[in-house]
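A short worksheet on the structure shown next.
The values are calculated or read from the model by the stated rules, or taken from the named source; none is laboratory data. Quantities reported herein were computed from a predicted structural model and do not represent experimental measurements. Every residue, glycine among them, receives a Cβ derived from its backbone with ideal geometry; neighbour counts consider all protein chains shown. Heavy atoms of the whole protein, side chains included, go into the accessibility calculation; ligands, DNA and RNA do not. Shrake-Rupley method; radii C 1.70, N 1.55, O 1.52, S 1.80 Å.
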Amino acid sequence: MSNRRPLANALRALSMDAVQAANSGHPGMPMGMADIAEVLWRDFLKHNPANAQWFDRDRFVLSNGHGSMLLYSLLHLTGYPLSIDDLKRFRQLGSHTAGHPERDARLGIETTTGPLGQGLANAVGMALAERHMAASFNRPGFTIVDHHTYVFVGDGCLMEGISHEAASLAGTLGLGKLICFYDDNGISIDGHVTGWFTDDTPKRFEAYGWQVIKAVDGHDADAISKAIRKARKETDKPTLICCKTVIGWGSPNKQGTEAVHGAALGPDEVAFARKALDWPYAPFEIPEDISASWDARAKGKRLENKWRRLMKEYHTAYGAQAIELERRLAGRLPADWASLVRETMLAVQAAGPTVATRQSSQSALNVFGAHLPELIGGSADLTGSNNTWRKGSKGITRQDASGNYVWYGVREFGMSAAMNGMALHGGLLPYGGTFLVFSDYARNAVRMACLMRVPSIFVWSHDSIGLGEDGPTHQPIEQLATLRLIPNMHVWRPCDAVEAHAAWVAAIERRTGPTGLVLSRQALPHQPRTSEQLTHVHRGGYVLVDTVGAPDVLLMATGSEVSLAVEAARELETKGHKARVVSMPCAEVFDAQSEAYRRDILPPGIPRVAVEAGVRDYWCRYVGDRANVIGIDTFGASAPAKDLFKHYGFTVADVVRVAERVLSA
C-alpha cells in the first residue's frame with residue numbers, strides 16, 4: 001500500500017476493539033505508538049512469524065506492557081499463530097492475550113512485562129547476550145550472530161529506578177544494537193506528568209553515553225524511518241529515539257488525556273474514533289489488502305533461509321564452533337556432564353574441606369565453569385565477597401565482549417532483570433551475586449524469573465546473622481522464607497562443600513525456573529556421608545545422621561545450623577534419646593519428591609524440631625508448632641558471629657533443650 005496510515009490504523013482498531021470487548025485494558029498507548037510500530041515492524045524488524053524462535057531474529061520488547069494490545073495486534077497481523085479469536089478473548093481466563101504480555105516463545109512474546117522498567121532491563125540483557133555471542137562465534141565472512149534488540153518504553157518505565165540501572169550499564173558497555181523508543185506522550189495514570197516527572201530525559205541518556213535522537217514526530221512515518229536508520233548506523237552506543245506522540249491518537253474526545261490511558265473508550269467513543277480514523281469496518285475486521293500488506297511470513301522465511309544457508313557454510317568452515325553453538329542454543333549440557341558431576345561429588349566428599357559455602361561455591365564454579373562456556377557470571381560490586389569470579393573468568397568490557405563476567409556495579413535490580421534477558425535470549429546461562437539481604441532490591445526481577453520459568457541463577461552470600469559485625473542492616477532474617485514463598489523458586493542453602501556443589505549442579509541442570517544459592521560467610525564443617533547419602537543430596541532433603549531403630553526425635557536444619565543439629569544429636573544420644581538429623585538444603589526440591597520418600601525421611605508421628613537462623617513461621621509446615629522451631633524473629637545486631645549465635649539461641653544446649661521439651665510433651 002502506498003498510504004501507511006491505514007496500516008497503523010489497523011493496529012489502533014484491533015487494540016480499541018479488544019479493550020472494548022473486554023471492557024478492560026489500556027487503549028491509549030497502542031493508539032499512540034501505532035505509527036512507530038508500523039514502521040519498525042514492516043520495514044526494519046528481522047523476524048519470521050512461521051518460526052518465532054529462529055535464533056538470529058531481532059528481539060522486540062514492550063516494556064510499557066500495559067499497552068499489550070499493540071503487541072498482540074502486531075503478532076496477529078504479521079502472521080504469528082495468534083488468531084483473531086485470541087484477540088477477541090483479550091484479558092479472559094485461559095487466553096493467550098493476557099492483560100500484560102506473558103512470555104510465549106511460540107507466539108513471539110519474548111518476555112513478560114508489566115512491572116514498568118523491567119522490559120528495558122531485559123532488553124539490555126538481550127543486547128548484551130547478542131554482543132557477547134557475536135564476539136564468541138562470528139568469524140571472518142560468517143556473521144552468524146547479528147541482530148538488534150528494540151524496546152518500547154513509556155514515562156512510567158523511565159520513572160522507575162531500574163531504568164537508571166539498566167540504561168547506565170548499557171551506555172557503559174556500548175551496546176550499539178540496542179534501540180529504545182521513548183513514547184513521550186506526557187501522560188500517566190494520574191494525568192499530565194509535568195507535576196511529577198520533569199527530567200530532561202535526552203540529557204539524562206546522553207550522560208549515560210547513549211546516542212539520543214530528539215523530538216521525533218511519532219506520527220510521521222518518514223521521520224520515524226529516518227530516526228531508525230540513524231540509530232542502526234551507530235554501533236558503539238545504544239540509541240534512545242524520543243518520539244513525541246499523542247496518547248490515544250484517533251480518539252477525538254479523549255486523545256491526549258489520562259481518560260484514554262487505562263480504560264475502554266466506551267461504545268460511543270469507539271464509534272467516533274472509527275469515523276476519525278476513516279475506518280468503516282466492523283469490530284475485529286481487517287480488509288484483505290491491509291492484511292496482505294502486514295503479512296510478514298514470506299519475507300521472514302526468506303530471511304531465515306538466508307541465515308540457514310550461511311550456517312551450513314559455517315558448519316563446513318568452523319565445524320566445532322557450529323556444533324557448540326547449536327548445543328548451547330538447544331540448552332543441552334556437554335556429553336561428559338554426568339560423569340563430571342559424579343567424579344566431582346565423590347572428590348569433594350573425600351576431601352572434606354571446612355570452608356565457607358561461598359568459597360565452596362567458587363570451587364564448584366572453577367570445576368563446572370571450565371566445561372560450560374555458556375555460564376556467564378557477574379556480581380553487583382561484591383565479586384570478592386560473593387566469590388563469583390572463577391578460574392577462567394574474563395571481564396566483558398566496551399572494547400571486548402568476548403569475556404564471561406559482567407561487572408554490574410551496585411545495580412542489584414538491574415543485574416537480576418538483565419540476567420533474565422540473557423537467559424531469554426538463549427545460548428547463555430547467567431548467574432549473578434549479591435548479599436542475601438539485598439535480594440530485596442532485586443525481588444521483583446526474581447519473581448519475574450519464576451513467572452517466566454527462566455533458569456537465572458542468583459548467588460546470595462552472607463546468609464544469616466553469621467556474617468557478624470556488619471549488623472542488622474546486612475543480616476538477613478525474613479529473606480529465606482519470603483524467597484521460598486515465591487512459586488517456582490528453588491532456594492538452596494547448603495551446609496558444606498558437598499551440598500554447595502550439589503546446589504550448583506541442580507541450578508545448572510534446572511531449565512524450568514530460577515535457582516537461588518544461599519551461601520555462608522563463615523566456614524562450615526564438612527559432614528561425613530555414606531555413598532547412599534551422597535546420592536540423596538540432590539533430592540533437597542535427606543537423612544544425614546540416623547539412629548539404630550526408629551528415632552525418638554527428628555532434627556531438621558539447613559546451612560550453618562546443620563552442624564549444630566549434628567552436635568545436638570550426639571548430646572541427646574548421651575542422654576538416651578535417639579535423634580535423626582535431616583539436612584534440608586532445598587525444601588522445594590524435597591517437597592517435589594514422592595510421598596513415599598518424604599515419609600521415609602520424615603516419618604509421621606515422630607516429634608520434630610527445625611533449626612534455621614531466620615524467621616520461624618516457614619518451618620511450621622514441617623514441625624507444626626512455632627515453639628518447635630529454633631529461629632530468629634527479630635533483627636540482628638552488630639557483633640562477632642559466635643556471640644550472635646549464642647545470644648539468639650543457636651547453641652547445642654538450646655537445640656537439646658527444645659528437643660527434650662518436645663519429647664516430653
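Worth a mention:
- As a rough guide to protection, the peptides 587-600, 266-279 ranked by mean Cβ packing within 10 Å, highest first, stand as 266-279, 587-600.
- At a probe radius of 1.4 angstrom, the accessible area of segment 560-632 per residue rounds to 39 square angstrom.
- Distance between segment 591-619 and segment 36-61 - C-alpha centres, whole angstrom: 49 Å
- If you look at the Cα atoms of segment 87-204, you get an Rg and a Dmax of 16.9, 53 Å.
- Inter-centroid distance (Cα atoms) of segment 570-587 relative to segment 522-548, Å: 12 Å
- DSSP beta bridges confined to the chain are antiparallel in about 15 percent of cases.
- Selection of chymotrypsin sites (Phe, Trp or Tyr not before Pro), segment 491-565, meeting DSSP coil and at most 16 other Cβ within 10 Å: none
- All aspartates and glutamates inside 18 Å of Lys575 as judged from Cα atoms, apart from same-chain residues fewer than 8 positions distant: Asp546, Asp552, Glu567, Asp654, Glu660
- Sum of -39500 (n - 2.57) over DSSP H runs of 4+, divided by residues of the chain (222 nm, nearest 500): -13000 deg cm²/dmol
- Dipole of segment 1-158, positive direction: furthest Cα of Thr97, Leu7, Gly114, with charges on the beta-carbon: Leu7
- P(r) histogram, all alpha-carbon pairs of segment 300-418 included - 5 Å bins from 0, percent: 2, 9, 13, 16, 17, 14, 12, 8, 4, 2, 1, 0
- Over 21 Å between alpha carbons, listed pairs Lys177/Lys214; Lys46/Lys233; Lys233/Lys394: Lys233/Lys394
- DSSP-assigned coil residues among chymotrypsin sites (Phe, Trp or Tyr not before Pro) in segment 186-247, each with at most 15 further Cβ atoms within 10 Å: Trp196, Phe197
- In terms of packing, defined here as the mean over residues of other Cβ atoms within 10 angstrom, the peptides 294-301, 55-62 line up highest first as 55-62, 294-301.
- Karplus-derived 3J(HN,Hα) values for segment 304-317, using 6.51 cos²θ - 1.76 cosθ + 1.60 with θ = phi - 60°, are 5, 4, 4, 5, 5, 5, 5, 5, 5, 5, 4, 4, 5, 7 Hz; glycine and proline are entered as x.
- Given +1 at the Cβ of Lys and Arg, -1 at the Cβ of Asp and Glu and no other charges, the dipole of segment 479-557 around its Cα centre is 360 debye to the nearest 20.
- A rounded overall shape is assigned to segment 514-639, the ratio a/c of its alpha-carbon gyration tensor axes (a ≥ b ≥ c) being less than 1.5.
- Charged side chains reduced to their Cβ positions (Lys and Arg at +1, Asp and Glu at -1) give the chain a dipole of some 1420 debye around its Cα centre.
- Förster radius 51 Å - calculated FRET efficiency between Ala292 and Lys394, Cβ distance, rounded to 0.05: 0.55
- Distant-in-sequence amide contacts of Arg608, defined by a placed amide H-H separation under 5 Å and a gap of 5 or more residues or a different chain, comprise Leu554.
- Degrees separating the helix 5-22 axis from the principal Cα axis of the chain, which is the longest one: 50 degrees
- Segment 289-312-segment 217-266 distance, computed between alpha-carbon centres (Å): 26 Å
- Accessible area per residue, Å², segment 158-308 with all protein chains present, probe 1.4 Å: 48 Å²
- Loop sites in segment 403-488: GluC sites (Glu not before Pro), DSSP, at most 14 other Cβ within 10 Å: Glu469
- Legend: calculated FRET efficiency, Ala50 to Ser24, from the Cβ-Cβ distance at R0 = 30 Å, rounded to 0.05, equals 0.40.
- Using alpha-carbon coordinates, inclination of helix 118-137 to the longest axis of the chain, degrees: 90 degrees
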